[in-house]
1. I'd like the distance separating the alpha-carbon centroids of segment B:353-389 and segment B:179-199, in whole Å.
2. Kindly tabulate the residues in segment A:112-127 with an accessible-area decrease of at least 40 Å² between the chain alone and the assembly of all protein chains, using a probe of 1.4 Å.
3. Given a 1.4 angstrom probe, what's the average accessible area per residue across segment B:206-318, in square angstrom?
4. GluC sites (Glu not before Pro), restricted to segment A:121-227: which are DSSP loop and have at most 16 other Cβ atoms within 10 Å?
5. Only counting protein heavy atoms at a 1.4 Å probe, give the residues of segment B:426-453, ordered by number, whose accessible area falls by 30 Å² or more when the other protein chains are present relative to the chain alone.
6. Counting only other chains, what is the mean number of Cβ atoms within 10 angstrom of the Cβ of each residue in peptide B:490-501?
7. If you count only protein heavy atoms with a 1.4 Å probe, what accessible area per residue comes out for segment B:107-168, rounded to a whole Å²?
8. Among A:106-117, B:301-312, how do they line up by average Cβ neighbours within 10 Å per residue, starting with the highest?
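The values are calculated or read from the model by the stated rules, or taken from the named source; none is laboratory data. The structure displayed is predicted, hence computed values, not measured ones. Neighbour counts run over all protein chains shown; Cβ positions are idealised from the backbone, glycine included. These area figures cover heavy atoms from the full protein model, side chains too; ligands, DNA and RNA do not enter into them. Shrake-Rupley method; radii C 1.70, N 1.55, O 1.52, S 1.80 Å.
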Amino acid sequence: MSLDDLLRHPALWRAREQGGSSSPAGLPTGYPELDRCLPGGGWPSRGLIEILTDRTGIGELTLLLPALARLCGTADAAAHRDAVGTSYGTLHDSHGWLAWISPPYSPYAPALAAGGIDVRRMLVARATPAEWAMEQALRSGACSAVLGWAACRDRQSLRRLQLAAEQACCFAVLFRALRAAHEASSAVLRIALEGSRDGLELRILKSRGGRTTSLRLAAIGSTASAPAH
Amino acid sequence: MTRPVLPRVMPDVSSSPAPADLAAVPRRPRLRPAAGGGRRRGAGDPAAATATARELWLAVHLPDYILESLRLGGDAGRDAGGDRAAAPVVAVDLARGGKVVCDADARATAAGITPGMALNSALAVEPTLRVLSRDPRRERALLEAVARVAQAFTPRVSLEPPDAVLLELRGSLRLFGGARRLCASMGAQLASHGLAPRLALTPTPLASLWFARAGEQVLLRRPGSLPARLAPLPLACTRWPERTLQLLATMGVRRVGECLRLPRDGFARRFEPRLRLELDRAMGHAPDTRRAFVAAERYVVSRDLEPEIEDTTRLQGAIEPLLDALCRFLQVRGAAVESLDLRLRHREAAPTRLRLRFAGPVSEAARIADLLRERLARTMLPGPVRGLRLRSAPLVEARAEAGELFGNGHHCAAAVPQLVERLRARLGAEAVHGLSLVAEHRPEAAQENGDVLLLPSGNRCISAKTVRKGKSHRSPMTGEYLRFPRPAWLLADPQPLEGDATPRYEGPLEMEEGPERIESGWWDGRDVRRDYYVVRNPAGVRLWIFRERGARGGWFLHGVFG
């Protein structure tokens, strides 16, 4: 293993590269304003993404939908692969499954299909210890995206999830309540969401290799915008 | 063999009191013109042309199969050593009323009891008679046990229910030192199981069977000698219908040889064509294919646990060596299992039964142990475990895994079934499901929870680009034009909203889109007549609500836009 390989290891973060072009390429979020705020120009390619919100229905899925559709191999996956290179290339090639662990309601297939998700490769699991099921899904290597709704009351379970997500190289999103924002977390990216009349308010609480900021996505959930799908 | 004393009819067909069709064709080509089969020699019949046949079939016939099957694994054998051992035993068929003796052992036969005798007469002859009921399942098991013994000699074994097994031995002769030794060793093995078989070896399966049934233990290697040797056999050994045999007897045809002398066409016309085909097969003139017996193997192992085990972790440790043995057993056979049954015995409580079901054929110990761990983790033991029994489902053929050339496939397809079976082992089968689209206008019927593993994999969703390009929201699978948005979350049951004219949900609602009228489903009793609206509440949550049209009315929340 050469030094370059070591330096390129995703677990390694160098302060010099903050926001720079050399951080591993992310998965485009589908929202250019958000892409600009994230290191690598998109969702981090490894590690756990935490989304903190108290409400279901303010646009949290709409936020993720373009990235999920991309992972399903729909949309302009090929073009993206050419542009971005290898980091998510394996994901695009394999079209893994999309696991929903303990979602608050039943995901509605027609809406997701209209959003570009291949519902035939979706797996919905209702687990009482959602952390366990999410970890299994991450460790299985079968899923290209894992969405989990878990409380993660103790730091140890959160840490385990983060480790699993780190190794799995898949799009791992954990939804938690907003009050967890004050707790320490090992997640790579933490975003608090709040709905408003003018769009979805994002507060980036933590971003490894990036900076904390807040922004508003007018494309999601604002009264002025057209419905997202 | 005593000759029947019935008046003999002359075998000359033209003078026999046969119907006109038989008499009309007096000297057509015969089924078998002369002993030795010279006519056919070299005429494209390889079996007849060579000195030794291509195939050699050994028939193992069990004349006393009814009683032997009861003795094999049953209670008859267990108390045979007791005080009732001396009593003669007969078997009756309870399914047919149980009034007639089906089979009698040597003592009963010595006392004058024969199969077919009324049970009452038999009891009158021998009051100490022990009467057993025959059991078709055990008879079948006996036959399969014999077939398993036979499989040590040749892979080509076929069952001939109810009382015989056929083995093709041509290829095994050299290994076992010739036909005579092979038959001797086969007979000895069966005798050690307490069976008294009759063996007959000839080039055709039917001929072997007939010889064995007739009680003639022959060893014929050359097809040429078949007609001459078959000729003296009584026709009863063919097990043709009773009526046919009687009809033939009235014609004076009681032996196979006499039957062979009858004109072929007339014989086929007068009796079933099947019978003539059987004669041809017995002679080796017609091919006779047999279905090979495949033993339905299982792996069963029991273990007593000393000392008793109370916690599941140690239980796992006790079971894992058994799983290793199971996997070695599977590996040798190139087989796999799809499910395993585990029975845990307790001192007082009823045994705990666990069933491990795999997503596909499995033969790796680590994977089974993984699943077992999850399963044991959610099992409550009613008490310490004294013993356990592991029993596999019938074995299936193992599927060879195709490895990737460069080994860089990150998301392997095989991982999904494994993930699903692991989740199911802990959460239960219902907790894990997939989704599929249904072409339906009713929102709640437009998707179905399906089995993840049954869904076709590898096909891709229609590009979202096409969805976005068109102004209309076209659902890719249903082809339905969704001009109105659908929520990403759907409530399992619509939730009634407060407020009569203006519905509320955590505050007043603001209309965004609607109404979309959905009226459907009058045909299956789940009639839907609704006006759907997209609304937003003060917290910024977008909701999908509907107003029930018709008598009931009222507002309901049906979905949430994620």
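1. Value for the Cα centre distance between the two parts: 42 Å.
2. Output list: A:A113, A:A114, A:V119, A:R120, A:R121, A:L123, A:V124, A:R126.
3. Normalised by residue count, the accessible surface of segment B:206-318 is 49 Å².
4. A:E183
5. Flagged in segment B:426-453: B:R426, B:L427, B:A431, B:H433, B:L435, B:L437, B:Q447, B:V452.
6. The shielding value for this peptide is 1.
7. 48 Å²
8. A:106-117, B:301-312
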